[in-house]
Amino acid sequence: MHQHRVTHRGRTAITIAAVILGVLVLLGVIQFALSGNKPEATQTPAVSTSNTSKGNAEGALGLDETTQPSVDTKVATGVFRQQRGMLTVEVTRIENAGGKISLEVSATNASTARMTLPVTGIIVVDNANRTYVASHSKWEGLLTQGGRASGTVTLDEKVSPDVTTLTLTFSSISGQFAPTGAAISVTGIPVPR
């Protein structure tokens with residue numbers, strides 16, 4: 001019978017490999033827990049685009065004439081999300097009314113301290129690197145600890161007809177657990193046509 005003898009050097013190598021593996025598994029568990037069971041930047045493509053003219057929206061959405069958008073309004077829905085640290089920002093609805101863009105946005109603060117996402121820190125960049133501001137948006141901006149805020153981000157200027165995607169950035173985020181760099185961006189937001 002042949003016996004294998006493990007040397008001290010061999011045991012040390014096995015121990016180091018086990019420690020490295022344990023650290024990697026622990027880091028994976030921590031990232032999974034902090035990300036809310038999602039990868040850090042996830043996007044779900046737009047699930048629907050519709051023309052909300054009177055003819056097809058009234059029956060499908062149950063809208064009456066007083067709440068009906070104009071004939072050339074296009075809408076896309078989906079979930080476009082970015083998470084950085086304890087902050088998650090989602091865009092769930094994009095409306096294009098003849099080049100005037102409105103985004104339904106929500107932000108979730110999973111930390112134990114409040115965060116502020118001011119309207120003055122909202123910047124949108126299109127796929128041609130043109131920058132838009134959203135100073136007249138209906139956005140509260142204050143996220144209490146463990147809280148969620150929703151609002152509408154409306155661009156001050158119309159987008160060009162050649163724009164296909166947008167990137168929404170909240171810069172100037174403040175708070176004890178604000179993301180590093182005080183900013184978060186949601187990319188790949190489609191412009192409905």
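Structure values in brief
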quantity	calculated
Residues of segment 118-142 classified as free of Cβ contacts under 8 Å to residues at least 24 places away in the same chain and of a type in the set (D, E, K, R), total	2
Unmet requirement for GLY181, which otherwise passes all of (1) modelled with pLDDT of 95 or more; (2) outside any loop (DSSP other than H, G, I, E, B)	(1)
Which numbered condition THR131 fails, given (1) among the polar types (S, T, N, Q); (2) closer than 19 Å to ALA76 by Cβ; (3) loosely packed, with under 14 Cβ neighbours inside 10 Å	(2)
Candidate set: segment 143-171, residues that are more than 14 Å from the chain's Cα centre (by Cα) and buried (at least 16 other Cβ atoms within 10 Å of the Cβ); chosen: the one farthest from ALA128 (Cα to Cα)	LEU143
Residues located in segment 132-163, provided they are part of a loop (DSSP other than H, G, I, E, B) and more than 28 Å from THR112 (Cα to Cα)	ALA134, SER135, HIS136, LEU155, ASP156, GLU157, LYS158, VAL159, SER160, PRO161, ASP162, VAL163
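The values are calculated or read from the model by the stated rules, or taken from the named source; none is laboratory data. The structure presented is a predicted model; accordingly, all values stated were derived computationally and were not measured. Neighbour counts run over all protein chains shown; Cβ positions are idealised from the backbone, glycine included.
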